[in-house]
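The values are calculated or read from the model by the stated rules, or taken from the named source; none is laboratory data. Note that the structure is predicted; figures quoted are calculated from it, not measured. Note: ideal-geometry Cβ built from the backbone for every residue, glycine included; neighbour counts use all protein chains shown.
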Amino acid sequence: MRRDTPPKSSSLVGVWTPDHRKLAAIGMRIRRGVTSHGFSLNIDPDLSAFDHFVACGMSDVRTTSLREVAEEQGLPAPGEAAVRDAVARALGAVTPG
């Protein structure tokens, strides 16, 4: 789900659930003419770690994981290899087969 960033507020770039929990972070920066970019996707982390800091500088944001979302829907959680392969296919790194 897309969350629009209100004017003059922290960036809401990432992947969000319909109830506004953050599932993935996306980042980019340019420093001295060099770009760095990447993303993190929460597959099955210890979510209690997010209780000890303010994720993405937004105190009202709750972080979630693929495992948590799948369990809420009564579905099996995807494993790391399945997620890796799905991301690679989505980015065109491998062809579906």
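Is it the case that some residue within segment 53-66 is assigned to a strand (DSSP E or B) and under 14 Å from the mean Cα position of the chain (by Cα)?
Yes; the residues of segment 53-66 include at least one that is assigned to a strand (DSSP E or B) and under 14 Å from the mean Cα position of the chain (by Cα).
Which members of segment 10-35 meet the condition of being at pLDDT below 90, touching a Lys or Arg at 6+ places or on another chain (Cβ under 8 Å) and more than 16 Å from Arg67 (Cα to Cα)?
Matches in segment 10-35: Leu12, Gly14, His20.
Scan segment 78-97 for residues that are over 16 Å from Val15 (Cβ atoms) and either more than 15 Å from the chain's Cα centre (by Cα) or surrounded by 15 or more Cβ atoms within 10 Å (Cβ to Cβ) (or both) and jot them down.
The answer is Gly79, Ala81, Ala82, Asp85, Ala88, Arg89, Gly92, Ala93, Val94, Thr95, Pro96, Gly97.
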